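Remarks on the structure that follows.
The values are calculated or read from the model by the stated rules, or taken from the named source; none is laboratory data. All values reported here derive from a predicted model rather than from experimental measurement. Neighbour counts are summed over all protein chains in view; Cβ atoms, including those assigned to glycine, are modelled from backbone coordinates with ideal geometry.
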């Protein structure tokens, strides 16, 4: 991801945040609407809104996997900007992305098992 792409994503996020805060219009989770199951992304909008209010605990409760995925992806982004050996970097990128994908899918499965209901977004329960 290039810096330009990152800035575009940041602007999209900020525009969406303004729409949600100002007009209370949110994009519903299609997966949850159709299946009644939580996807790995359920709760991200509320997580972001809680972060904007400075409520770190509640934002963690909405979707804790983001607190693992985003810092790792940010480190990967910085490595891609700074690292010169592109061949080795490509291997590192692939390994990290595969591991994050496995962790995220496992999280999506676990949060729908009653014994792990603490992983479900708090306001959807």
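Quick check, is residue 96 closer than 30 Å to residue 25 by Cα and either surrounded by 13 or more Cβ atoms within 10 Å (Cβ to Cβ) or out of contact with any helix residue (DSSP H, G or I) (no Cβ under 9 Å at 6 or more places or on another chain) (or both)? Give the derivation first.
Values: closer than 30 Å to residue 25 by Cα: no; either surrounded by 13 or more Cβ atoms within 10 Å (Cβ to Cβ) or out of contact with any helix residue (DSSP H, G or I) (no Cβ under 9 Å at 6 or more places or on another chain) (or both): yes.
So residue 96 fails the test.
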Does segment 42-64 include one or more residues that are out of contact with any helix residue (DSSP H, G or I) (no Cβ under 9 Å at 6 or more places or on another chain) and within 25 Å of residue 5 (Cα to Cα)? no
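Here's the yes/no breakdown for (1) surrounded by fewer than 17 Cβ atoms within 10 Å (Cβ to Cβ); (2) within 25 Å of residue 28 (Cβ to Cβ):
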| residue | (1), (2) |
| --- | --- |
| 43 | no, yes |
| 48 | no, yes |
| 65 | no, yes |
| 68 | yes, yes |
| 73 | yes, yes |
| 89 | yes, no |
| 105 | yes, yes |
Condition test on residue 28, is it within 18 Å of residue 120 (Cα to Cα), touching a helix residue (DSSP H, G or I) at 6+ places or on another chain (Cβ under 8 Å) and not in a helix (DSSP H, G or I)? no
Quick one: which residue in 101, 115 is surrounded by 12 or more Cβ atoms within 10 Å (Cβ to Cβ) and either over 25 Å from residue 45 (Cα atoms) or at pLDDT 85 or above (or both)? 101
